[in-house]
Amino acid sequence: MLMLIAHGCCNHGCCNVGMDQKGGWPIVVKEVKHTRALHIQRWLKDRRWEQGGTAQMARTRGGVFLLLGLCFAPLAFVPSVPEEKAPPVPVARRSLWTGALLLASPANAQAPQKVLVAGATGQTGRRIVERLAKDGQTSVVGGVRDVSKAQSELSKSSIAIRGAMIDEVKAVDTKGVELKSLDVAKDSVDALAGSLTGVDALIIATGFVPGNPFAMNAEAHAVDNLGTKALVDAAKKSGVKKIVLVSSILTNGRGWGQENSPGFQVTNAFGNVLDEKLEAEKYLRASGIDYTIVRPGGLKASAPAGGLVVSKEDTLNSGEISRDLVADVSIAAIFDQRASNKVVEIIEDETKSQPSKDKWFA
Ligand SMILES: NC(=O)c1ccc[n+]([C@@H]2O[C@H](COP(=O)([O-])OP(=O)(O)OC[C@H]3O[C@@H](n4cnc5c(N)ncnc54)[C@H](OP(=O)(O)O)[C@@H]3O)[C@@H](O)[C@H]2O)c1
């Protein structure tokens, strides 16, 4: 049974957060129009709740913070803060990247023949797999925890519940995609290396799935830190030449004065995930394998509503981006030599049109 409480940003009640009456996990039961980042941005400004029996209880700073964090962080991941504090670095405007165009690019001197996507059942991973498969110029391997489950899950649309978040997940066409078992927390490095045999490029789109609040630290450590490190070791062992890691903005927030920013605090409240991801990033950078670390802002399931903004390392502390664009950038990184050993931070800007792909890693 749900008790509805409207949070302060929605004066007209378009968006509600529900909490079961036994005080269980809060969930978003209705979300219309506003972006998640906007909700949190407004809430951070207002610091108030307008109605509902639990509002009083939640008024202490810690209580409100945790509650909203639990509601939004797994999905919104990083909330917006006033734009002037984090000016995006604009890039030139032009048409959208397409796989065919990319493969015709002169930057594509050493195009990989076989690509493995770790976390292929994930919302970003499945988009990457689908795009690569559609393009048809590389062999595509989807690394998944359970092959038969993944086979059926990928072929149908569903509603994903990740922690407190609910998302529509579209079916993907995986014709020609080989699925291989890959569990970064359970498999040995040798087993992972076995799955990577013959693979030229690895795209890591894994991420711990928030569930039990008491196990989040351990899960984030196992998947986003140790799991990624194990994949890097396995990649080295099996001769993978390129790794693209889907990480997050603010992983190095502590390193550039963002430790107390809302984005860092809310996101990192989930199992210290930013700290864990940073460890993995460092490990990858020290591995000697050519890498691109793609750090997106809060991920959206919807199609891009604005232009891609590509910014340098440790520059963005807010913003959102469609997973479609994250998939496009991750794929572009394996083909574009200019992405070599780079960290890019990406968000979407509704006031901008899509930049030309040849500017993405310039
Ligand atoms: N959510 C955000 O707003 C946000 C913002 C910035 C960055 N990120 C990061 O972006 C990446 C992609 O996010 P997403 O929301 O698209 O991911 P997602 O839908 O939550 O998918 C996560 C994927 O990781 C897989 N996975 C989890 N534990 C695993 C393990 N032990 N071994 C192998 N695979 C495992 C999951 O497999 P199953 O299907 O088997 O569970 C799933 O395929 C993640 O690293 C996330 O942390 C997220």
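Can you check what the net charge comes to around Phe208, using other residues whose Cβ is under 9 Å from the Cβ of Phe208 (Lys, Arg +1; Asp, Glu -1)? Local charge sum for Phe208: -3. Residues whose amide H lies under 5 Å from that of Val310, counting only those 5 or more places away or on a different chain, are Val91; hydrogens are built 1.01 Å from N in the peptide plane.
Sorting the segments 210-217, 286-293, 267-274, 242-249 by their mean number of nearby beta carbons within 10 angstrom, highest to lowest, gives 242-249, 267-274, 286-293, 210-217. Working ranking of peptides 171-182, 305-316, 192-203 by packing, defined as the average number of other Cβ atoms within 10 Å per residue, highest first, is 192-203, 305-316, 171-182. Phi-derived couplings, Karplus 6.51 cos²θ - 1.76 cosθ + 1.60 at θ = phi - 60°, listed residue by residue for segment 204-212: 9, 10, 7, x, 5, 9, x, x, 5 Hz, with x used for Gly and Pro. 3J(HN,Hα) couplings calculated from phi for segment 140-148 with the Karplus curve 6.51 cos²θ - 1.76 cosθ + 1.60 (θ = phi - 60°) are, in sequence order, 10, 10, x, x, 9, 6, 9, 4, 5 Hz; Gly and Pro show x. When the C-alpha to C-alpha distance is required to be over 20 Å, the pairs from Lys180/Lys236; Lys312/Lys357; Lys237/Lys312 that qualify are Lys237/Lys312. Annotation: amide H-H contacts under 5 Å for Ser139 (H modelled 1.01 Å from N, sequence separation of 5 or more, or interchain): Lys114, Val115. Its relative contact order, with pairs defined as Cα atoms under 8 Å and 6+ residues apart, puts segment 99-359 at 19 percent. Close amide H contacts of Ile203 (hydrogens built in the peptide plane, cut-off under 5 Å, sequence separation of 5 or more or a different chain): Leu116, Val117, Ala118, Val244. When the Cα gyration tensor is reduced to axis lengths a ≥ b ≥ c, the ratio a/c stays below 1.5 for segment 99-359, which is therefore classed as rounded. Our coupling estimate for segment 325-339, obtained by passing each phi through the Karplus curve with A = 6.51, B = -1.76, C = 1.60 and θ = phi - 60°, is 5, 4, 5, 4, 5, 4, 5, 4, 5, 7, 9, 9, 4, 6, 8 Hz, Gly and Pro reported as x.
Computed from the coordinates by the stated procedures, all read-outs in this text should not be read as laboratory data. Owing to the predicted nature of the structure, the values given are computational and were not obtained by experimental measurement. No Cβ is skipped: glycine too gets one built from the backbone with ideal geometry, and neighbour counts run over all protein chains shown.
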